[in-house]
Amino acid sequence: MKSLLAKIGLPKAIGLYLGEGTMTLSQRCGHRLGPVEVFRRTEPFADGEYEDVLDQLLRPLIGPRGRGHIPVAVSVSARKVFFATRPIQSVSRDPSPHVLLREALRSPNISVGQMVVDVLKAQPDRRPVASIAACDGQYVTDLVAALGARGLRPVRIEPGPCALRRVALRAHGAPRGAKVVLRLFLGEREAMAVLVAGGLPVVWRGFGMPRRREAAAILSAARSMMAISRDCGVESPLAHIVLHGQPELARLLDLAWIRQQMDAPVDWFPDPPLDDGEMAFGTAIGCFRPDERSFDLAEPLKPPAGFREIVPWRAIAAQAAILAGLFGFLWYRCDCLDQACVAAQAQTAEMPPMAAADETELARQKSEAREKIAAVQKFLGTRVTWTACHRDLAACLPAGVVLTSFSGVCELEAGDKKSGKSKPRKSLIVEGKIPLAPDGAMPREIDQMINNLRSHPRLRRDFPIVELTELKQVRRLGTESPAAWFTVVCRPKESKENAAKQPPAEVAQLPEASHGR
């Protein structure tokens with residue numbers, strides 16, 4: 001997988017870490033899922049003689065002539081960098097980095113002019129502070145010249161702990177709501193503590209990790225870092241402790257006891273450990289973050305960026321491809337619309353009446369068509385479909401009920417609403433019969449039928465009012481048992497005035513069985 005990513009045209013970057021007698025190179029590829037390391041190599045070198053090792057590491061990646069468009073970043077060992085954080089005494093003036101370095105060193109014997117200095121300013125608490133990183137100028141100059149001889153311009157040269165902290169932030173992020181965070185990167189024999197306040201590195205220190213005394217070493221380092229932080233202008237208490245590397249120690253040490261001693265939450269992650277390869281990887285990650293707020297010791301020494309590095313060629317190519325695709329799609333749609341327009345014009349030319357008619361005649365025909373459509377819609381919207389209504393009535397009849405008469409009225413509404421005519425009549429009268437029980441009790445099927453009529457969707461829409469207006473007992477000649485004849489009137493919903501004028505309906509009472517007619 002890594003070899004495939006290295007071959008395809010993904011953005012690549014190179015990170016170099018110059019440690020104590022070793023040089024480590026890490027190449028990474030960037031894609032949507034994040035950076036992936038595709039190559040790592042470590043070679044030893046003598047102090048000050050790294051030209052041959054640099055060629056040996058870079059030649060497989062950049063070729064013999066060099067490829068200056070590949071971003072390269074360098075990080076150096078923390079022992080070669082002077083680092084301190086001091087409160088800024090005067091806020092009315094903006095002191096230069098060398099002035100801040102001289103105030104931090106407090107020694108007139110050190111030649112500050114021969115050092116390269118970079119400063120990061122912030123205000124994690126009430127006082128503004130400045131983090132100062134300085135390195136030997138000749139050392140940085142030789143390093144920039146060695147990269148320039150191979151056609152490479154470094155993106156930045158930074159201290160190694162900054163690159164290691166970048167890897168930790170990418171892997172696990174910053175603790176939420178924690179203002180002061182202490183990160184301890186553990187190795188096999190030694191470790192490094194980095195104190196961060198408000199996203200600014202305040203101080204870092206290396207310390208040993210003696211066997212069977214790891215917990216005491218961690219507590220001692222944490223307490224010493226917090227004691228130094230007060231002199232650096234950080235007054236807030238320690239909010240979080242994060243340990244990286246050496247996961248086997250997490251099973252041996254008592255984390256609850258460490259939390260109790262430090263009075264702060266403690267998290268332990270297996271990566272990244274204190275390792276040269278992780279520092280090189282973090283340096284390579286920084287190549288894709290040129291605007292990141294980090295140290296750059298090579299800023300006053302490296303040559304200006306070339307035109308090829310300034311112009312974002314990949315972004316331009318991607319946008320050009322998108323524009324080409326949109327242009328092709330719009331061109332296709334325009335051609336389709338032109339063809340449709342030509343076909344419509346040809347059809348219009350083949351219709352002489354349409355071609356000869358003027359706009360006034362067309363407007364008149366359009367108005368007449370709209371009136372006809374409105375009349376048809378009004379008729380269909382107010383009429384009652386009696387065929388469907390008859391089927392619905394048959395579905396509402398309970399067992400034993402016979403429908404003897406079906407009468408419906410639905411007058412057409414007048415077109416003029418101001419004529420003063422009353423609302424058109426609309427009603428449905430249903431007559432039926434059902435045999436009486438031997439004891440002469442009222443059949444329950446009549447109530448069931450009325451409930452079915454009131455609950456049916458189509459009948460409820462046209463005739464929401466359902467009333468039983470007549471109920472009587474009739475004995476026909478030649479029949480053995482009497483039958484109950486009933487009349488049900490269905491009406492639409494009326495206004496309050498019409499309802500007040502309507503007399504109450506009279507319902508005939510069913511005589512007892514002993515007084516049959």
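The values are calculated or read from the model by the stated rules, or taken from the named source; none is laboratory data. What you see is a predicted model, and the numbers here were worked out from it, not measured in a lab. Because the Cβ atoms are built from the backbone with ideal geometry, glycine has one as well, and the counts that use them run over all protein chains shown. Side chains included, ligands, DNA and RNA excluded: accessible areas come from the protein's heavy atoms. Shrake-Rupley method; radii C 1.70, N 1.55, O 1.52, S 1.80 Å.
Looking at the range 258-286, which of its residues are open to solvent by 60 Å² or more (accessible area, probe 1.4 Å) and in a loop (DSSP other than H, G, I, E, B)?
ASP263, PRO265, PRO270, ASP271, ASP275, listed by residue number.
Taking the conditions exactly as written (open to solvent by less than 20 Å² (accessible area, probe 1.4 Å), outside any loop (DSSP other than H, G, I, E, B), closer than 30 Å to ASP125 by Cα and out of contact with any strand residue (DSSP E or B) (no Cβ under 8 Å at 6 or more places or on another chain)), does LEU184 satisfy them or not?
No, not satisfied.
For the range 308-324, state whether one or more residues are open to solvent by less than 70 Å² (accessible area, probe 1.4 Å) and among the polar types (S, T, N, Q).
no
Only one residue in ARG475, ARG460 is touching a Lys or Arg at 6+ places or on another chain (Cβ under 7 Å) and modelled with pLDDT of 85 or more. Which one?
Being touching a Lys or Arg at 6+ places or on another chain (Cβ under 7 Å) and modelled with pLDDT of 85 or more holds for just one of ARG475, ARG460, which is ARG460.
Out of the helices (runs of 4 or more DSSP H) lying entirely within the range 333-406, which hold 1 or more residues that are under 24 Å from GLU470 (Cα atoms)?
The helices (runs of 4 or more DSSP H) meeting that bar are 386-396.
For the range 235-257, enumerate the residues that are open to solvent by 60 Å² or more (accessible area, probe 1.4 Å), of a type in the set (A, V, I, L, M, F, W, C) and not in a helix (DSSP H, G or I).
Passing the criteria: only LEU252.
If we scan the range 429-438, do we find a residue that is charged (D, E, K, R), at pLDDT below 85 and touching a strand residue (DSSP E or B) at 6+ places or on another chain (Cβ under 7 Å)?
No; the residues of the range 429-438 include none that is charged (D, E, K, R), at pLDDT below 85 and touching a strand residue (DSSP E or B) at 6+ places or on another chain (Cβ under 7 Å).
Could you check ARG170 against (1) open to solvent by less than 10 Å² (accessible area, probe 1.4 Å); (2) closer than 24 Å to VAL119 by Cα; (3) not in a strand (DSSP E or B) and say which number it fails?
Here ARG170 meets the rest and fails (1).
With the requirement that a residue be in contact with a Gly (Cβ under 6 Å, 6 or more places away or on another chain) and either open to solvent by 30 Å² or more (accessible area, probe 1.4 Å) or modelled with pLDDT of 90 or more (or both), what does the range 85-144 give you?
GLN114, MET115, VAL116, ARG127
Looking only at the range 407-427, count how many residues are assigned to a strand (DSSP E or B) and either modelled with pLDDT of 90 or more or in contact with a helix residue (DSSP H, G or I) (Cβ under 7 Å, 6 or more places away or on another chain) (or both).
So the answer is 1.
Would you be able to say whether some residue in the range 217-227 is of a type in the set (S, T, N, Q) and part of a loop (DSSP other than H, G, I, E, B)?
So far as the range 217-227 goes, no, none of its residues is of a type in the set (S, T, N, Q) and part of a loop (DSSP other than H, G, I, E, B).
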